[in-house]
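Structure first, then comments.
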Amino acid sequence: MLDRCHHTLFLLGILAALPSAVGAVDIGERALLDAQSTLNKGDQRPISPTELTKAFESLVATGQLPAIIGPAKSTGDPRLGTRLKHLVAVQRFKGGDALPQTLATLIAPVSTETVPLTLLAESATESAQLLDLARRHGGAGQISDATSTVWVTLPSGRLEGFLDAAGAARHLDLQTRNEPFFGPATGEGGTMMKVSALHDAGVKGQGVTVAVLDMGFKGYTELVKTGELPKARVTQAFGSYAFEERSEHGAACAEIVADIAPAADQVLVRFDGGPQSLQESLQWLRTQKDVTVVNASWGSHLRRTDGLDATDQEINRFVKETGVLWVNAAGNDAQRVWSGPILDQNGNNLIEFPVDGKNREFLIVKAPGSYYIQVQWDDWGTSIQPTATQDLDACLLVMRDGQLARHGDCAQEVQNGQQYPMEVLQGSGLPGGAYHLSVPHHGANAVEGG
Ligand SMILES: [Ca+2]
Ligand SMILES: [Ca+2]
């Protein structure tokens, strides 16, 4: 069912690795394949934007671009999210050993033998049925209070059987992992905010309890011993890892809180980045006395950005119920984002980006080495379910032997009413220099013409 020549060749080599009994769920033609194996190196010499522009315009003028992009792939089961389809493909064709690494690449809460899933149903009753079904497949999980979203963790060997049986689910995908936002290492905030003036006036956070909700408090014990950190009133961990495991980010945040409000009490909570352990953390925080502020210096790009994500709604509910001041980091990527209106005024199926006062049908991106490019557009709808009908794709083109060529597969999920408005390009093997990101669209009503 993977019908492109180079894929067929690749698959022939690994057919022997197919498990004897795979599930029936249709993952379509979504390429599972190790992106590296299909990539060729591009030109190593620096290429100017003018040269890239000329090459791109020539591709468009001679009508060669559609052949380079390739036809849209068939969708498979429309209930499955792109990342989950990718994971199932990896599991089918590469076996269980590839699972942990794939989960890490797909930005799901990492686990060695389990698969974390988000499930959406039409009703609370069906959500309960799904949770029950997951338990019968050896899984564990919970239902979001705010949205009836089901978060479950299944043994990886039971995934396909579960997907085949999960008729009540309207949408199934991997859970998304939140990640800590690491900023510059130096602590300039206190000076910038003139905190010392407040301290001189005796305002040091007395009577305030700040909860630092984060992903790892590595070094905490040592920092308390050396007097860098006040001893927290209480520490707690939920999810896959122990309190001090894996990241020092939480301890660094606690230090900043202590710098600014040295007299405040601290409550330190570690979760593993996934929505399940986040919800457990919120439930636990509700039981802690006098928490007035929650510091959340993390987030995720890989989920809906209109405030209706299940995690956002869960946090809104928590804030409304507790009256806590929730302080969330805005992220560190403002300089790495392009946003603006999209049009296809000449009707050639390529989006035009207004850049520097001109319309261009591509963006030039700089991403030497490994890259992660996310394209999303404002078609989230108002339901917790995915409902995008505007169908945009994303392709990365690289200069090779003086010609622009596709780098890896294009991101071509078909948005036809049951998907989120998002495409992700991810991989490695790029030479130094600049690359084209082209965003074609299709579908009758995808974008207004001019
Ligand atoms: Ca156009
Ligand atoms: Ca698409």
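Annotations
- Selection status of TRP298, more than 16 Å from ligand 2 (Cβ to nearest atom), among the hydrophobic types (A, V, I, L, M, F, W, C), under 16 Å from the mean Cα position of the chain (by Cα) and under 26 Å from ALA258 (Cα atoms): yes
- Taking the listed residues ALA98, ALA104, the one that is surrounded by fewer than 19 Cβ atoms within 10 Å (Cβ to Cβ), under 19 Å from the mean Cα position of the chain (by Cα) and among the hydrophobic types (A, V, I, L, M, F, W, C) is ALA104, with no other qualifying.
- Boolean, VAL365 is aliphatic (A, V, I, L, M) and either in a loop (DSSP other than H, G, I, E, B) or under 30 Å from LYS289 (Cα atoms) (or both): no
- Selection from the stretch 380-394 of residues that are in a loop (DSSP other than H, G, I, E, B) and within 16 Å of ligand 2 (Cβ to nearest atom): TRP380, GLY381, PRO386, THR387, THR389, GLN390, ASP393
- Note on the stretch 395-429: residues that are of a type in the set (Asp, Glu), at pLDDT below 85 and touching a Ser or Thr at 6+ places or on another chain (Cβ under 6 Å) amount to 0.
- Taken together, ALA61, ALA67 contain a single residue that is more than 21 Å from the chain's Cα centre (by Cα), assigned by TED's automatic domain parsing to the domain that holds GLY402, exposed (fewer than 13 other Cβ atoms within 10 Å of the Cβ) and within 16 Å of ligand 1 (Cβ to nearest atom), which is ALA61.
- Meets criteria (at pLDDT below 95, surrounded by fewer than 16 Cβ atoms within 10 Å (Cβ to Cβ) and over 21 Å from ALA330 (Cβ atoms)) for ASP272: no
- Where helices (runs of 4 or more DSSP H) fall entirely within the stretch 204-291, those with at least 3 residues that are closer than 22 Å to VAL152 by Cα are at 275-286.
- Residue list for the stretch 344-359, filter: in contact with a Pro (Cβ under 8 Å, 6 or more places away or on another chain) and not in a loop (DSSP other than H, G, I, E, B): LEU350, PRO354
- Residue within the stretch 361-368 that is at pLDDT 85 or above and within 14 Å of ligand 2 (Cβ to nearest atom) present: no
- Any hit, the stretch 183-202, residues being outside the structural domain of ARG317 (by TED's automatic domain parsing), basic (Lys, Arg) and touching a Pro at 6+ places or on another chain (Cβ under 6 Å): no
- Selection from the stretch 292-323 of residues that are part of a loop (DSSP other than H, G, I, E, B), more than 23 Å from TYR372 (Cβ to Cβ) and of a type in the set (A, V, I, L, M): LEU308
- Residue among ILE315, ILE342 that is surrounded by 17 or more Cβ atoms within 10 Å (Cβ to Cβ) and either more than 16 Å from ligand 1 (Cβ to nearest atom) or among the polar types (S, T, N, Q) (or both): ILE315
The values are calculated or read from the model by the stated rules, or taken from the named source; none is laboratory data. The structure displayed is predicted, hence computed values, not measured ones. Neighbour counts run over all protein chains shown; Cβ positions are idealised from the backbone, glycine included.
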